[in-house]
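J.: Below is a structure I'd like to ask you about.
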Amino acid sequence: SMVLYSRKFPSSTFEQISHLVNEVVSLTEACCAEGADPDCYDLRTSALSARSCQSDSPFPVHPGAAECCTKEGLEQKLCMAALKHHPQEFPTYVEPTNDEICEAFRKDPKDFAEQFLYEYSINYGQAPLPLLVSYTKSYLSMVGSCCTSPSPTVCFLKERLQMKHSSLLTTMSNRVCSQYAAYGKEKSRLSHLIKLAQKVPTADLEDVLPLAEEITTILSKCCESTSEDCMAKELPEYTVKICDNLATKNSKFKDCCQEKTPMDLFMCTYFMPAAPTPELPAVELPTSQDVCDKGNTQAIDQYTFELSRRTHLPEVFLSKILEPTLKSLAECCDSEDTTACLNTQGPQLKKELSSFIDKGQKLCADYSENTFTEYKKKLAERLRAKLPEASDLELQGLIDKRSDFASKCCSINSPPLYCDLEVRKLNPFL
């Protein structure tokens, strides 16, 4: 319950989660006991919902709760049960030192365990629940063993090596499932297609499209799975396909495929930066009726692939501008004269797309090619040249704002929810 509710309400305090967990555990103990009143569950959950609606409720607060509180009975309970917070896109959990861990554990083992479950789960709550529960249980077992061992340091070293795979699997699952939760199935498929096209621009669509589709299928199956080994089974099989399709197309992928474990291989390909864009003719918007075949996404996939491998702009930007572009193309498909609409809309869409890409590239200029310090230095030089009248204070504020944005949204795996809002906010000033 601690893991479940911490991941469901990651912006709540430890005290709020603890209150809710204690209430749920108490309800379960009472209502699942032999000889319990048949109405126990219904009555206790109704009371829990009602308590959540009170102004002094000790439970997690959610923006949608007020609307739930206007409903009654079962409708209110179902509404409350469906509430969840946005996931944490920037994990802030920092593991304490061995000494700090053992000091807190010896002081109060139960409190240490609950605090850890809360902290870890609010940070990595998009990892599949069984995986998260399994890893946190293993971690607490390690702490219990090592903090009572005669050589805690040796014990922690040995145990952490044994847990390396499950630790990586949990944190990487959290990353990929966070994006899947934010994007949904179709947008997630296009997102993976964009990233692969940018990492291996020398490949063909036939090499990368099956991989984008495969990882999306895995995420749709495993992110909400109740099976503990779904990700552990599916990701290694996926890495075999990555190497089969891309090891001969790109030297960096070939290097990744030398990694000793599937998890290290997956991480290597996941964090791989975009490759330099090859010299290719400009890409044209699809203006044939192929784009209107709803059962066939080939024209859109080909266009997304061709645009992505020519564009050194992070996926969060490309996904953002592709959305209205593809929507406009779809609207043409529903018009009386599709061909005329596509031919008329084409130049305007192309102009808007080109303008947005140019602005995005200026925002992220130099970021991926330099260290952060060097990037800030180049950014300062550019802004000083552009705004000679600005005071040092104004300039520093702008440098800090732009560099903070770049550090979060100019890499290949930028968090989609946060960056979507930031791109919208920055758009008028680009």
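J.: Criterion first (of a type in the set (G, A, S), modelled with pLDDT of 95 or more, under 30 Å from R175 (Cα atoms) and out of contact with any Pro (no Cβ under 7 Å at 6 or more places or on another chain)) does S149 satisfy it?
T.: No, not satisfied.
J.: Taking into account only those residues within region 416-430 that are within 13 Å of F405 (Cα to Cα) and either in contact with a Pro (Cβ under 9 Å, 6 or more places away or on another chain) or among the hydrophobic types (A, V, I, L, M, F, W, C) (or both), which is modelled with the lowest pLDDT?
T.: Across region 416-430, the extreme among qualifying residues is L430.
J.: Report, by residue number, each residue of region 84-117 that is touching a residue at least 60 places away in the same chain (Cβ under 8 Å) and either over 28 Å from the mean Cα position of the chain (by Cα) or not in a helix (DSSP H, G or I) (or both).
T.: K84, H85, H86, P87, Q88, E89, F90, P91
J.: Of the residues E389, E422, which single one is in a loop (DSSP other than H, G, I, E, B), free of Cβ contacts under 8 Å to residues at least 24 places away in the same chain and over 30 Å from V291 (Cα atoms)?
T.: The match here is E389.
J.: While we're here: For T202, only one of the following conditions fails: (1) among the β-branched types (V, I, T); (2) touching a helix residue (DSSP H, G or I) at 6+ places or on another chain (Cβ under 6 Å); (3) open to solvent by 40 Å² or more (accessible area, probe 1.4 Å). What is its number?
T.: Result: T202 passes all but (2).
J.: Of everything in region 208-228, what is open to solvent by 50 Å² or more (accessible area, probe 1.4 Å), part of a helix (DSSP H, G or I) and among the β-branched types (V, I, T)? Give them in sequence order.
T.: T217
J.: Of the residues A197, A232, A203, which is small (G, A, S), more than 30 Å from S134 (Cα to Cα) and assigned to a helix (DSSP H, G or I)?
T.: A197
J.: Regarding E72, is this residue free of Cβ contacts under 8 Å to residues at least 40 places away in the same chain and of a type in the set (D, E, K, R)?
T.: yes
J.: Go through region 1-67 and tell me which helices (runs of 4 or more DSSP H), entirely inside it, have 2 or more residues that are under 25 Å from S134 (Cβ atoms).
T.: 2-8, 14-31
J.: Within region 74-100, work out how many residues are farther than 19 Å from S173 by Cα, of a type in the set (A, V, I, L, M, F, W, C) and surrounded by fewer than 12 Cβ atoms within 10 Å (Cβ to Cβ).
T.: 1
J.: When only residues in region 126-150 that are in contact with a Leu (Cβ under 7 Å, 6 or more places away or on another chain) and not hydroxyl-bearing (S, T, Y) count, which is most open to solvent (accessible area, probe 1.4 Å)?
T.: L129
J.: Name the residue that is surrounded by the fewest Cβ atoms within 10 Å (Cβ to Cβ), counting only residues in region 233-268 that are in contact with a Ser or Thr (Cβ under 8 Å, 6 or more places away or on another chain) and under 17 Å from M172 (Cα atoms).
T.: Going through the qualifying residues, I end up with P262.
The values are calculated or read from the model by the stated rules, or taken from the named source; none is laboratory data. If you're wondering where the values come from, they're calculated on a predicted model, not measured in any experiment. Quick reminder, even Gly has a Cβ in these numbers, built from the backbone with ideal geometry, and neighbours come from all protein chains shown. What goes into the accessible areas is simple: the full protein's heavy atoms, side chains included, and nothing from ligands, DNA or RNA. Shrake-Rupley method; radii C 1.70, N 1.55, O 1.52, S 1.80 Å.
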